[in-house]
Amino acid sequence: MPRYYLGVDGGGTNCRIRLADENLVTLAEVRNGRSNLQIDGGDPAYKAISDGMRDAFASAEIDIAQAANTYACFGMAGGRMDSARAAFSARPWPFAGVKVYDDIDIAHAGALGGEDGGVAIVGTGSAALSIIDGQRFQVGGWGFQIGDQMSGAIIGRELARMSVEATDGLIGASPLTEEIIRLLGGNNQAAMTWSFATEMDLKIISRDGTEGCDDVLIGRAPGEFGRLVPVLMEYFDKGDPIAKQLIDIQMGYIDTYVRWFKSTGAKKLAIVGGFGQRLFPLLEQRYGDFVALPRFEPLHGALILAKQNFASA
């Protein structure tokens, strides 16, 4: 009887699904809709994977009935909470076996080829995972409001704040701060309007139907601040002093995580995420061969975990 493995990289904006044979050779790959477990109780994620799974089997010209001989592993955005993963794995899947992970787990498995070590996600958000001798250590990943040190969103927000301070004359301005204010509307009032998303005419409606809520505030999403990072790096390469100050702050965040990784016994740290890989030459200068680029992408990591979990099933 043939055996198949299905890997899912479930992101907040799209879901990638890959069907592979028992040697993890790709047979088909498809994309579908958003798949964060914290959105609408996981219903969109369930639909995205269910529809995408059928498309993958069709693309590979394999009867969908073979899902019964398929072992699946999902790495899901919003999967930090144990309860969310357990509820999602309990849904009526057609597979021979299903294992649901946080998205950092498949990033770890892909980056290190399923071996021990650490992985740091340094993108719009950030998180860290170290697996040593079967022990799992995880920190970070708590989101933009209370966490995400190392992330592009946090540094982008700091860049916007410093640009406003420079325009106010509280700190020295630089070509970078002037460019950021230009991008955010040309002056501090426009930047404040941008930060609160005022021009989008968004409203908060309370449970009783009235407008407004004292303990909720509408502001720009993390990704909007993260989009300022390419500008930061452009000016860093030009020697801009504010850019250098921000990268020093970023490296300080990463120092904290590197110390933590080493305390877990990690001998290798893979850097995943666009911001982290853009910083990789600096990281390599600072940490030597302790840091590495990922061996495989997270989607392949999902297949590695599927095989590790179910090879003997």
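Before moving on, here are some points about what is shown:
- Residue check, F95 closer than 28 Å to A56 by Cβ, surrounded by fewer than 24 Cβ atoms within 10 Å (Cβ to Cβ) and among the hydrophobic types (A, V, I, L, M, F, W, C): yes
- Residue count for region 121-142, restricted to those that are in contact (Cβ under 8 Å) with a residue 60 or more places away in the chain, part of a loop (DSSP other than H, G, I, E, B) and on the phi > 0 side of the Ramachandran plot: 2.
- Candidates are the residues of region 103-151 that are touching a helix residue (DSSP H, G or I) at 6+ places or on another chain (Cβ under 8 Å) and of a type in the set (D, E, K, R); the one that is farthest from A77 (Cα to Cα) is D148.
- Taking strands (runs of 3 or more DSSP E) as the structural unit, those lying wholly within region 14-117 and holding at least 1 residues that are within 18 Å of the chain's Cα centre (by Cα) and aromatic (F, W, Y) correspond to 70-76, 97-102.
- Within region 174-241, helices (runs of 4 or more DSSP H) holding 2 or more residues that are surrounded by 13 or more Cβ atoms within 10 Å (Cβ to Cβ), in contact with a Cys (Cβ under 6 Å, 6 or more places away or on another chain) and not charged (D, E, K, R): none
- Tally, over region 246-276, of residues that are within 17 Å of M150 (Cα to Cα) and either part of a loop (DSSP other than H, G, I, E, B) or touching a residue at least 60 places away in the same chain (Cβ under 8 Å) (or both): 17
- Scan of region 279-313 for residues that are of a type in the set (A, V, I, L, M) and either open to solvent by 40 Å² or more (accessible area, probe 1.4 Å) or assigned to a loop (DSSP other than H, G, I, E, B) (or both), ordered by number: L279, L282, L293, A311, A313
- S35 in contact with a Cys (Cβ under 8 Å, 6 or more places away or on another chain), open to solvent by less than 70 Å² (accessible area, probe 1.4 Å) and either farther than 23 Å from D103 by Cβ or not aromatic (F, W, Y) (or both): yes
The values are calculated or read from the model by the stated rules, or taken from the named source; none is laboratory data. Note that this is a predicted model, so its numbers are computed, not measured. Ideal geometry is used to build each Cβ from the backbone, glycine not excepted, and the neighbour counts take in all protein chains shown. Just so you know, the surface numbers come from the protein's heavy atoms only, side chains and all, with ligands and any DNA or RNA stripped out. Shrake-Rupley method; radii C 1.70, N 1.55, O 1.52, S 1.80 Å.
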